[in-house]
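Structure first, commentary second.
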Amino acid sequence: MHAWLISDSPASRLQASAGRFYRAGGLLLRNPLAVAGVLIIGLLIVTAIFAPWIAPESPVGQNLSNRLLPPSADHWMGTDELGRDIFSRVIYGSRITLMIVALVAVISAPLGLVIGAISGYFGGWTDRVLMGLTDVFLSMPKLIMALAFVAALGPGIENAIIAIAITAWPAYARIARAETLTFRNAEFVSATRLLGASHLRIIFAHVLPLCTSSMIVRVTLDMAGIILTAAGLGFLGLGAQPPLPEWGAMISRGRVFILDQWWVATMPGLAIILVSLGFCFLGDGLRDVLDPKSAGKS
Amino acid sequence: MTAAISLNNLDISYSGTRVVEGVTFDVAEGESFALVGESGSGKSTVLKAIAGLAPEWSGEMSILGQPRGHGPDKDLARTCQMVFQDPYGSLHPRKTVDAVLSEPLAIHGLGNRSERIEKALRDVGLDRRFRFRYPHQMSGGQRQRVAIARALMLEPKIMLLDEPTSALDVSVQAEILNLLKRLRAEQNLTYLLVSHDLPVVGFMCDRVAVMTKGRIVEIAPVDALHHGDFTDPYSRQLYAASGG
Amino acid sequence: MTEPLLSVRDLRVTFPTPQGPVEVVKGVSFDLGQERLGIVGESGSGKSMTGRAILRLIRPPGKVTAEKLAFQGRDLLSLPEREMRALRGARISMVMQDPRYSLNPVMTIGRQIAEALRVHENLSRSATRARVRDMLEAVQINDPDRVANMYPHEVSGGMGQRVMIAMMLIPEPQILIADEPTSALDVSVQAQVLDLIDTLVKDKGMGLILISHDLQLVARYCDQILVMNAGRVVERCAAGELDKATHPYTRGLLASVPRMNEDRDTLPTLDRTAWEGT
């Protein structure tokens, strides 16, 4: 299997691309921080999938006789002001976090990628209009703009996701444009044009695949920020609404008790830190593997 | 007989600055014609204008008797293809040889892809095991062979060669020059070669046009290279500097 | 014979890779006096690495070892980095391939040359200016005062390379290493730049190492020639006797270059199996 994957002369398309991923994967696993990142993100995904089996109690089941209990063998992370098990809520919260992160990435990365690539490839007026629009978005602080969008759309987890996605794409558009500019006059693009390919075909089949690796790195690194923005919206009461166990909203509720019952706010806070760190580690590792420019220097 | 490439009084500009002036020549079908000159002489620009990559030109241009438009177009792709100078820049870094060679077939909706690709690889002297390699797994000469194979996929009549061997080692250059010469004989191709290397031109071409400062100063048969009998002073100077 | 300027014995350069260490220079030896030595080879032959190794310019993780690497009797490998820096430029200079990447784009040419001088010598401002002027004149720049105030992007490739040479020669080094000094230039400019290097080297009694892929060019401008292939010296001969070269690689290389009065139908290509393993 190893020999098949690292073969210099693959016999099929499948083997060639499998070999490429295998090599990139091998490089990634040689980087200890990236491995830590992979483990944390893996843990997040497993937790989200198996939440009902992992969590000892229901995330919304109230038990007012168990209010604000400190961490113990029964309640690993203690209980909140309504007697809900914080550990179970953190476990279920991973589903919400993962959903936010995945949806924001799926909406904003392709949007930014396409806008940036079109802008960079055509240049001229197209570029000026699209980048002007991008700059308008970039010039406003992310959280403030997300707040404005949520305020307009109404509070709720779906609207929070849309708002975050809207604020996230301009950065990706900028990266995609910068990358595209470096390829626009490359000979392989000219060669493809001479084969009779249309502009759309060149953008989608030739330019975009080259932008994706830096995009993947950037999106992974941004995940931490996305989680924090989502938590921030939750904290301000504009994201996930109670009784959803969203981590930011949980911190917000715990704020009232922060001096006497520290665990209520701290536990979901730790979860946010851990997952953010995981994405940062993974992003750094991916950059070393996928971005040949920085790889040569280390 | 119509000329494969016919240029009449061609002026070419880049964003308003004229870089080529009054270029006129005909290349007969099956001929191998060279444009030589030093950097900045405009020789590559002429090639780009024919290919449609330098659309700011005026004058007359026709390919196989058909007047030529200003951009690249799909019909031209079937008759006229180009090989670039830099074998590292002319292949997409994330695509296998197979993907590079299927692209022209996909664009023009041609079938029998697998057979055509295998045949093209055979034609340029690459073993089948190169088919699914990425550019970074190949040497400069092998990449240039792939670039030539890509240009041949659409079975063109005319090949525009932009310094196809100047980025290669001399021993590899010999292999690529032999390959180009053999392909021309086998497929009855017309070559328009741009080069700064007079001996390469002497090996590859039938006629040569010497360019300097955007103008053609002399068009001579290749014998002029063998015997050094150029008439224009600049051509003689270039010939002397090249060790003739 | 007097002691050579530079003496190299069994020079090796190694780079670690995931598949184990790879030797790119595998035991090169030569002596350089006040003469012109050409090192010829194709890409990957280790010719540039040899030039850089002499100046200890191989970046880690690359490693340089040698039985002997001595400049005027001083061992270059054991020299502390600070003394090495003082030696580089002042005693041994290097001209690289493309002037556009070797010159600082935001500094005028005059200041860069003055900088090269100031690092190694302590001169007054006016004396420095005079030396810069003389040097620019020596590299045949007609209007030295104007050129000194220009930025690198404002000059042509040939002029840029002359500026590089001026910069490298102004501290009056004993050895000049020129790594493909003209391959980015047009043929007519090539000859001018090489003639210039040639004159300066002869006038000042320097040693020259000319590294190039072009056998004919090296034969024209050097006294001795080393032909390298895959990290080894496969042939060493006097420049005039290149046509009597014996190694199949050298012979193959010579034959594969198209000639001006070409009458061969196909060019002979190297049969790489003929000498591999030697």
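Before moving on, here are some points about what is shown:
- For the stretch B:188-198, residues that are away from every other protein chain (no Cβ under 14 Å) and open to solvent by 50 Å² or more (accessible area, probe 1.4 Å) total 1.
- Number of residues in the stretch B:65-116 that are among the basic types (K, R) and not in a helix (DSSP H, G or I) equals 3.
- Among the candidates A:S190, A:S198, A:S214, residue that is on the phi < 0 side of the Ramachandran plot, within 14 Å of chain B (Cβ to nearest Cβ), touching a residue at least 60 places away in the same chain (Cβ under 8 Å) and small (G, A, S): A:S214
- Where strands (runs of 3 or more DSSP E) fall entirely within the stretch C:1-110, those with at least 2 residues that are under 21 Å from C:L176 (Cβ atoms) and open to solvent by less than 60 Å² (accessible area, probe 1.4 Å) are at C:6-17, C:20-32, C:36-40, C:68-71, C:92-95.
- Scanning the stretch A:48-93 for residues that are open to solvent by 20 Å² or more (accessible area, probe 1.4 Å) and β-branched (V, I, T) yields A:I49, A:I54, A:V60.
- Residue within the stretch B:125-136 that is surrounded by fewer than 20 Cβ atoms within 10 Å (Cβ to Cβ), basic (K, R) and more than 9 Å from chain A (Cβ to nearest Cβ) present: no
- Pairing residues of the stretch C:194-216 that are in contact (Cβ under 8 Å) with a residue 12 or more places away in the chain with residues that are part of a strand (DSSP E or B) and open to solvent by 10 Å² or more (accessible area, probe 1.4 Å), at Cβ distances under 8 Å and at least 6 apart in sequence or on separate chains, gives C:D198/C:R36; C:V201/C:R36; C:G207/C:R36; C:L208/C:R36; C:L210/C:R36; C:I211/C:D179.
- If you filter the stretch A:167-187 down to residues that are open to solvent by 50 Å² or more (accessible area, probe 1.4 Å) and either hydrophobic (A, V, I, L, M, F, W, C) or within 27 Å of B:A77 (Cβ to Cβ) (or both), you find that the one that is nearest to the other protein chains (Cβ to nearest Cβ) is A:N185.
- Helices (runs of 4 or more DSSP H) lying entirely in the stretch A:17-130 (those with 1 or more residues that are more than 17 Å from A:G283 (Cα to Cα) and touching a residue at least 60 places away in the same chain (Cβ under 8 Å)): A:86-122
- Consider the stretch B:145-172 and keep the residues that are of a type in the set (D, E) and under 12 Å from the mean Cα position of the chain (by Cα). The one that is farthest from the other protein chains (Cβ to nearest Cβ) is B:E163.
- Scope the stretch B:40-70; condition open to solvent by less than 30 Å² (accessible area, probe 1.4 Å), within 19 Å of B:G214 (Cα to Cα) and more than 14 Å from chain A (Cβ to nearest Cβ); matching residues: B:S41, B:G42, B:K43, B:V46, B:W57, B:M61
- Within the stretch B:82-95, one or more residues are out of contact with any Asp or Glu (no Cβ under 6 Å at 6 or more places or on another chain), buried (at least 21 other Cβ atoms within 10 Å of the Cβ) and more than 7 Å from chain A (Cβ to nearest Cβ).
- Test: residue in the stretch A:236-246 that is at pLDDT 85 or above and either in contact with a Gly (Cβ under 8 Å, 6 or more places away or on another chain) or among the small types (G, A, S) (or both): yes
- When restricted to residues that are in a loop (DSSP other than H, G, I, E, B), buried (at least 20 other Cβ atoms within 10 Å of the Cβ) and touching a strand residue (DSSP E or B) at 6+ places or on another chain (Cβ under 9 Å), the stretch B:164-187 contains 2.
- Test result for B:E175, more than 11 Å from chain C (Cβ to nearest Cβ) and within 16 Å of B:V200 (Cβ to Cβ): no
- For the stretch B:96-111, a residue qualifies if it is more than 9 Å from chain A (Cβ to nearest Cβ) and either of a type in the set (S, T, Y) or in contact with a strand residue (DSSP E or B) (Cβ under 9 Å, 6 or more places away or on another chain) (or both), and exactly one does: B:S102.
- C:T108 vs. criteria of a type in the set (S, T, Y) and touching a Lys or Arg at 6+ places or on another chain (Cβ under 7 Å): no
- Taken over the stretch B:205-227, residues that are closer than 21 Å to C:L267 by Cβ and either at the interface with another protein chain (Cβ under 8 Å from one of its Cβ atoms) or of a type in the set (K, R) (or both) amount to 4.
- For the stretch C:181-189, the count of residues that are within 25 Å of C:Q34 (Cβ to Cβ) and within 12 Å of another protein chain (Cβ to nearest Cβ) is nonzero.
- Output for the stretch A:1-16, where each listed residue is in a helix (DSSP H, G or I) and among the charged types (D, E, K, R): A:R13
- The stretch A:142-158, subset free of Cβ contacts under 8 Å to residues at least 40 places away in the same chain and assigned to a helix (DSSP H, G or I), residue least open to solvent (accessible area, probe 1.4 Å): A:M145
- Looking at the stretch C:165-278, the strands (runs of 3 or more DSSP E) lying wholly inside it that each contain 1 or more residues that are open to solvent by 10 Å² or more (accessible area, probe 1.4 Å) sit at C:175-179, C:224-229, C:232-238.
- When residues of the stretch B:199-223 are limited to those that are in a loop (DSSP other than H, G, I, E, B) and at negative phi, the one surrounded by the most Cβ atoms within 10 Å (Cβ to Cβ): B:C205
- Index of the failed condition, C:N149 passing every other in (1) open to solvent by 30 Å² or more (accessible area, probe 1.4 Å); (2) under 28 Å from B:A167 (Cα atoms): (2)
- Count - residues of the stretch B:235-244 that are open to solvent by less than 50 Å² (accessible area, probe 1.4 Å) and either more than 10 Å from chain C (Cβ to nearest Cβ) or at pLDDT 90 or above (or both): 1
The values are calculated or read from the model by the stated rules, or taken from the named source; none is laboratory data. Note that the structure is a prediction, hence the values are computed from the model and not measured. Neighbour counts run over all protein chains shown; Cβ positions are idealised from the backbone, glycine included. Calculation scope for accessible area: heavy atoms of the full protein, side chains included, ligands and nucleic acids excluded. Shrake-Rupley method; radii C 1.70, N 1.55, O 1.52, S 1.80 Å.
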